[in-house]
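Beneath this line is the structure, given in structure tokens, with notes to follow.
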Amino acid sequence: MTNPVNLVIVTGMSGAGKTVAIQSFEDMGYFTVDNMPPALVPKFMELLSQNAENDKVALVVDMRSRLFFKEINSILDKLESNSAINVKILFLDATDGELVARYKETRRSHPLAVTGRIMEGIKLERELLSPLKSVSQNVVDTTELTPRQLRKTISEQFSSDDDTATFHIEVMSFGFKYGLPLDADLVFDLRFLPNPYYIPQLRNQTGLDQEVADYVMKQEESEEFYSHLLSLIKPILPGYQKEGKAVLTIALGCTGGQHRSVAFAHRLADDLKEDWLVNESHRDKNRRKETVNRS
């Protein structure tokens, strides 16, 4: 017998943070869909249940679906009667004043503000959503929450033991001559170290080859720098995880991204793997500058 699918329906007041919420669920490994029409939810879950890999699903169902109020109660009853689905409702709310301020800041109109007055739309939406809020298992008031705090709250309420590894570290090497990696959070420059490129027998090898790695790491300045690098990075990792960051990218660069940066990145990744989920990559390891012979 297959495990039931965990379904979270994200709903609540417009402007209360549903976009941040659905992004949080995606970071926790949920299959997510925004603005799902209620009538399609049962059929969608039926199709999804045929794929054993998708056992965590989060759907935003809100006022943008015009038939929402007519259908949602019967849809919820149908889902809750299905033993193959565990349903939870996350209802996001905020004070009227805060919702007005957020709409004015983004200069967007409220989906129910027929005459254009934001407060009119908020009042109507609150009345219509009141029954749904009363049956929601998780109600979160986002009035005083920053996006980071909301992500943390959702993680605490919905993450499981299997989600503890959602934070992971990308350790990559690169060559400065090919440009900085745009997605890097921390960048370290290794061009001050002796370059194996100028050793003929090492030139066509990479930092993953033992001979090159030995040459790079046996330099006195290399070992000293690596010791400082490791003592800098290790203590700050829990802070990034606590802050709610899903991926921390650490980039180490040398001139061509073939020797020094590769050796350092590989060693750093191995050391960090003792305590963290780490992915290692080498952007420019096999990249060669094209030469054109002209006569």
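Computed from the coordinates by the stated procedures, all read-outs in this text should not be read as laboratory data. Because the structure is predicted, anything quoted here is derived from the model rather than measured. So basically every Cβ, Gly included, is an ideal-geometry build from the backbone, and we count neighbours across all protein chains shown.
Structure above, values below:
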item	result
Under 5 Å, built H, 5+ apart or other chain: amide partners of LYS56	ASN6, PHE31
Full-stretch length increase - PHE225, ASN35 - with 0.36 nm per residue and alpha-carbon distance subtracted	63.4 nm
Gain on full stretching of the segment that runs from TYR178 to ARG203 - 0.36 nm per residue minus C-alpha separation	7.2 nm
Bins of 5 Å from zero: percent of alpha-carbon pairs in the stretch 121-192	3, 10, 14, 11, 13, 11, 9, 9, 8, 5, 5, 3, 1, 0
Kirkwood Rh and Cα Rg combined as Rg over Rh, evaluated for the stretch 168-282	0.97
Structure-based [θ]222 nm, the chain - -39500 (n - 2.57) summed over DSSP H runs of at least 4, per residue, nearest 500	-12500 deg cm²/dmol
Relative contact order computed over the chain (Cα-Cα under 8 Å; 6+ residues apart), in percent	20
In Hz, Karplus ³J(HN,Hα) per residue of the stretch 20-37 (6.51, -1.76, 1.60; θ = phi - 60°; x = Gly, Pro)	4, 4, 5, 5, 5, 5, 4, 5, 8, x, 7, 7, 10, 9, 9, 6, 7, x
Size of the stretch 5-163 as Cα extents on the principal axes (Å, biggest first)	46, 34, 24
For ASN279, distant residues with modelled amide H under 5 Å away	ILE169, GLU170, VAL171
Whole-Hz ³J(HN,Hα) from phi, Karplus 6.51 cos²θ - 1.76 cosθ + 1.60, for the stretch 265-280, glycine and proline x	4, 5, 5, 4, 4, 4, 5, 6, 5, 5, 10, 9, 7, 10, 10, 10
Cα-based equivalent ellipsoid of the chain: semi-axis lengths in Å, sorted from largest, via gyration tensor	50, 21, 18
At R0 = 45 Å, FRET efficiency that the Cβ-Cβ distance of LYS273 and ASP96 yields, to 0.05	0.35
